[in-house]
Each structure stands twice: as structure tokens, then as C-alpha cells.
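Enquirer: Sending over a structure as C-alpha cells; questions will come in a sec.
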Amino acid sequence: MATVLSRMFSPAPLLYSFVVITQFAVGVYFGAQLEPPPVVTLLYWLGFLWAVGWWLRTDSRKRGVASVYDLGFFLYIAWPVVMPYYLVKTRGAKGLLVMLGFVATYFGAAIVGMILSVLVITLRS
């Protein structure tokens, strides 16, 4: 039971869950043609950088890859470049599949949120 919980609450599933939930919400706002409140945007970016940093730190320790000194600032500035590089460096060609899965999850959740939002608005009117 402890193994199942440790895997369930490890950084990778929580990062994917965070992305699915937040991108779905972004899609709902976009589909309803509403602007999300500024605090939601702030919390999204803080949560996203925290989740990515936690995943990167845990994964690099597991794989024996040295980390940079100020990981938070480094991720804030360069995460779109660092993450693909890290994945390809540590996983080879499989890293490309991980990136593709993440991008598909990121955009897929937003598209599903948009579609459901538009359907609900259409059915109400």
C-alpha cells in the first residue's frame, strides 16, 4: 500500500494532474470567452514551476544528474529549453516521447475544456 501511495503522490503524476486540471480550466475560460482572474494566473505559474522543479529535482537525483545551484530561478527563466534538453539527455529518444505526451496532455486538456464549455453554453441558450 505504501508503494502505491508513494507512486501516486510522486512528482510525475502530480505534475500531469496539475497540468490536466489547470489546462482544462483555461479551456473552460477560453471557451466561455472570459478572462481568468489574475490570481488564478499567478497561482498557475507558481504551481507549475513548483511542480516542474519538484519533478526535475526528484528525477535528477534518481538518475544521478547534477543540478544547478539556483534551480528555481533557472527554471523560471529557461524551463522551455531546459526540460527538453534534460529529457533527451537522460532518456535518449524516449525523452522525445515523454515530451510529446506532455505537450499532448497540455493542449488536449485545454481543448476538452473549450469543447465542454462551448457545449454547455450552447445547450443553455
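Enquirer: Restricting attention to segment 99-118, report how many residues are within 15 Å of the chain's Cα centre (by Cα) and loosely packed, with under 14 Cβ neighbours inside 10 Å.
Expert: 5
Enquirer: Taking the conditions exactly as written (loosely packed, with under 13 Cβ neighbours inside 10 Å and either assigned to a loop (DSSP other than H, G, I, E, B) or out of contact with any Cys (no Cβ under 6 Å at 6 or more places or on another chain) (or both)), does Ile121 satisfy them or not?
Expert: Here the answer is yes, as Ile121 does meet what is asked.
Enquirer: Evaluate segment 48-66: report whether one residue or more is in a loop (DSSP other than H, G, I, E, B) and in contact with a helix residue (DSSP H, G or I) (Cβ under 7 Å, 6 or more places away or on another chain). Quick ask: steps written out before the conclusion?
Expert: Start the filter on segment 48-66 by keeping residues that are in a loop (DSSP other than H, G, I, E, B), which leaves 64-66.
After this cut, where a residue has to be in contact with a helix residue (DSSP H, G or I) (Cβ under 7 Å, 6 or more places away or on another chain) as well, the list is 65.
Yes - at least one qualifying residue is present in segment 48-66.
Enquirer: Restricting attention to segment 78-98, which residues are open to solvent by less than 40 Å² (accessible area, probe 1.4 Å) and either touching a helix residue (DSSP H, G or I) at 6+ places or on another chain (Cβ under 6 Å) or touching a residue at least 60 places away in the same chain (Cβ under 8 Å) (or both)?
Expert: Leu87, Thr90, Gly95
Enquirer: Then there is this: In segment 22-45, how many residues are in a helix (DSSP H, G or I), touching a residue at least 24 places away in the same chain (Cβ under 8 Å) and aliphatic (A, V, I, L, M)?
Expert: Total satisfying the criteria: 3.
Enquirer: Based on this model, can you work out whether Pro38 counts as on the phi < 0 side of the Ramachandran plot and at pLDDT 90 or above?
Expert: So Pro38 fits the description; yes.
Enquirer: Identify the single condition in (1) surrounded by fewer than 16 Cβ atoms within 10 Å (Cβ to Cβ); (2) modelled with pLDDT of 85 or more that Phe24 does not satisfy, given that it satisfies every other one.
Expert: Against the list (1) surrounded by fewer than 16 Cβ atoms within 10 Å (Cβ to Cβ); (2) modelled with pLDDT of 85 or more, Phe24 comes up short only on (1).
Enquirer: A follow-up question, please. Please work out which residue is modelled with the lowest pLDDT, limiting yourself to segment 47-75 and to residues that are among the hydroxyl-bearing types (Ser, Thr, Tyr) and surrounded by 13 or more Cβ atoms within 10 Å (Cβ to Cβ).
Expert: Filtering first and then ranking leaves Ser60.
The values are calculated or read from the model by the stated rules, or taken from the named source; none is laboratory data. Since we're looking at a predicted model, the values are computed, not measured. Quick reminder, even Gly has a Cβ in these numbers, built from the backbone with ideal geometry, and neighbours come from all protein chains shown. Each accessible area value is taken on the protein alone, full model and side chains, heavy atoms only, with ligands, DNA and RNA left out. Shrake-Rupley method; radii C 1.70, N 1.55, O 1.52, S 1.80 Å.
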